[in-house]
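Have a look at the structure below, then the notes.
A short reminder: the numbers here are calculations on the coordinates, not readings from a lab. Source: prediction; values computed, not measured.
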Amino acid sequence: MQFKSSGKVIVSAPIAKVSAFINDPSQVSSCIPDSQGFKKTGEKSFVVTTNLSLGAVHGSLSMNVEIEKQDQENVKYTITGSGLGSTAKIILKTGLSAKGDKTELSWEAAAEFRGIVSGIGEQIIKNVTNEKVNGIIANMKSKLEAG
């Protein structure tokens, strides 16, 4: 099962600060909802476990995250994981553009699921994935604006 989503948000922080934040594995991992067990595996990679509830199915997913800086304004996250008898791959691309002393953070996510989870129902999985991605972006915005 595959699907895509996108969005954008204005962050009350300069573009240089936002760029540094979205390229830092420890900062990014701290923004993943319901995460636990962060472990840095490389300069731009980490593993984190996140709790997941899809209807009657509850459990945890171990997620490997690779951060790839495309250029000063664009970052790509490749997120692969397994758990609940399933595998997931999410490509999350972010883009930054200066808006005066603020920054517009846009994103596009493409997700693919295989295994037991894909039999649960496309709309449920899409809603939960969108909730997680939107949670990451909202947490980034909150942390950046907090100082």
- prompt: Taking a 22 Å limit on the Cα-Cα distance, which of the listed pairs Lys39/Lys102; Lys99/Lys143; Lys44/Lys141; Lys8/Lys39; Lys44/Lys126 fall beyond it?
  reply: Lys39/Lys102; Lys8/Lys39; Lys44/Lys126
message: In whole Hz and in residue order, list the ³J(HN,Hα) couplings for region 13-21 that follow from phi through the Karplus curve 6.51 cos²θ - 1.76 cosθ + 1.60, θ = phi - 60°; x for Gly and Pro.
response: 7, x, 4, 4, 5, 5, 4, 4, 5
- request: As a check on your grasp of the helix formula, calculate [θ] at 222 nm for the chain: sum -39500 (n - 2.57) over DSSP H runs of n ≥ 4, divide by the residue count, round to the nearest 500.
  value: -8000 deg cm²/dmol
query: Each residue of region 97-113 in turn: what ³J(HN,Hα) in whole Hz from Karplus with 6.51, -1.76, 1.60 and θ = phi - 60°, glycine and Pro shown as x?
result: 9, 6, 10, x, 8, 10, 9, 8, 10, 10, 8, 9, 10, 10, 10, 9, 10
- request: With N set to the residue count of region 1-59, report its C-alpha Rg divided by 2.2 N^0.38 Å to two decimal places.
  value: 1.42
Taking all pairs of distinct alpha-carbon atoms in the chain, Kirkwood radius in angstrom: 15.5 Å
